[in-house]
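Here the structure is laid out as structure tokens; the discussion comes afterwards.
The values are calculated or read from the model by the stated rules, or taken from the named source; none is laboratory data. Because the structure is predicted, anything quoted here is derived from the model rather than measured. Using ideal geometry, Cβ is built from the backbone for each residue, glycine included, and neighbour counts are taken over all protein chains shown.
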Amino acid sequence: MNTREPSLALDVAALDSYLSDVIAGFRGPIGVRQFVHGQSNPTYLLETSHERYVLRRKPPGVLLPSAHAVDREFRVMRALLPTEVPVPRTLCYCDDSNVIGTAFYVMEYVEGRVFTDVLLESLLPDERTAIYAELNRVIAALHCVDPIRAGLGDFGKPGGYVARQVARWTKQYRASESRRIEAMEQLICWLPQHIPPEQPSRIAHGDYRLDNVIFHPREPRILAVIDWELATLGDPLADFVYHCMPWRLPPELAGPGIPTESDYVRAYCQCTGRPTLEHFDFYMAFGMFRLAAILQGVAARAAQGNASSAHAEEAGRRAQPMAEAAWAQAQLASERLA
């Protein structure tokens, strides 16, 4: 467990009183510690004498439009609970800023392993293979969920997902821009002109990666997918290829037991019933562009003093190299289309 004393402190007494009223069986007093991991919505471990919980809140201060949507996180996890996608059990949502200053929700604490090293160097080769196979299985399961049957038919606008996302992240980037990044300017022009044919909408996590899932303490089995802030209805291929970025970024994702990018893509296609995955380079360029815009937002929050991680400034400095990597992928896509 990676926690520290909260820099974004909560009114513990007010929180204790509120949770005692809305969560069955809750008994304080509570201890509060902020998780180190994560750059966006501050996340806290709540401990009582007999139970542990996790709280996610919207950060205080001036925020980018439509960012930090803890209400959407709460809704999508609650909707996915009966499906094959493992999610934490949500317990309450509060939009009353009088409790701790911003909206928040509380969910169960899931005991397990969170891997931050994509090379999984602490594991044996066969364990790495099993971890990546499970990671693939779960994102495929998410993209096989029928949004309407799950009660999420209105969770995003129908159609035009990639075009809207390009426009959204361009706007978010402009809102947090502190200096000109030439590669971002190139991408802002190139991406809208090369959007591939639209895919049927599915639930897109938006940030599905190794350190946003909790594995069983001993088994290669995912117990919970977390950090659903960017979830929406969208193009499942954009969601999947964004998840594949570690194969295209340093350090090189390779080694005993780790699948190649082509094998990993093939496994996803088999799980989702797709014959192949087209326009991979476009989706990769788009995913890296999106991440560069996110990193720029992290840098802006760090400058304002309301970033939720001590590593926010370092993350912000990665915006330019990420944008340059995205532009390289866009040029590769153009070459293959020529």
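Among the helices (runs of 4 or more DSSP H) lying completely within the stretch 107-223, list those that include at least 1 residues that are buried (at least 18 other Cβ atoms within 10 Å of the Cβ) and touching a Gly at 6+ places or on another chain (Cβ under 9 Å).
The helices (runs of 4 or more DSSP H) meeting that bar are 125-143, 161-176.
Consider S176 carefully, then state whether it is touching a Pro at 6+ places or on another chain (Cβ under 7 Å), assigned by TED's automatic domain parsing to the domain that holds G287 and among the polar types (S, T, N, Q).
Answer is no for this residue.
Please verify whether the stretch 258-272 includes one or more residues that are modelled with pLDDT under 95 and in a loop (DSSP other than H, G, I, E, B).
The answer is no; no qualifying residue exists.
If T102 passes every condition in (1) outside the structural domain of A238 (by TED's automatic domain parsing); (2) surrounded by fewer than 20 Cβ atoms within 10 Å (Cβ to Cβ); (3) touching a helix residue (DSSP H, G or I) at 6+ places or on another chain (Cβ under 9 Å) but one, which one does it miss?
(2)
In the list I148, I195, which residue meets the criterion of being among the β-branched types (V, I, T) and touching a residue at least 40 places away in the same chain (Cβ under 8 Å)?
Unique residue meeting the criteria: I195.
Could you pull out the residue among A299, A303, A338 that is small (G, A, S), over 29 Å from D154 (Cα atoms), modelled with pLDDT under 95 and in contact with a helix residue (DSSP H, G or I) (Cβ under 6 Å, 6 or more places away or on another chain)?
Of A299, A303, A338, the one residue that is small (G, A, S), over 29 Å from D154 (Cα atoms), modelled with pLDDT under 95 and in contact with a helix residue (DSSP H, G or I) (Cβ under 6 Å, 6 or more places away or on another chain) is A299.
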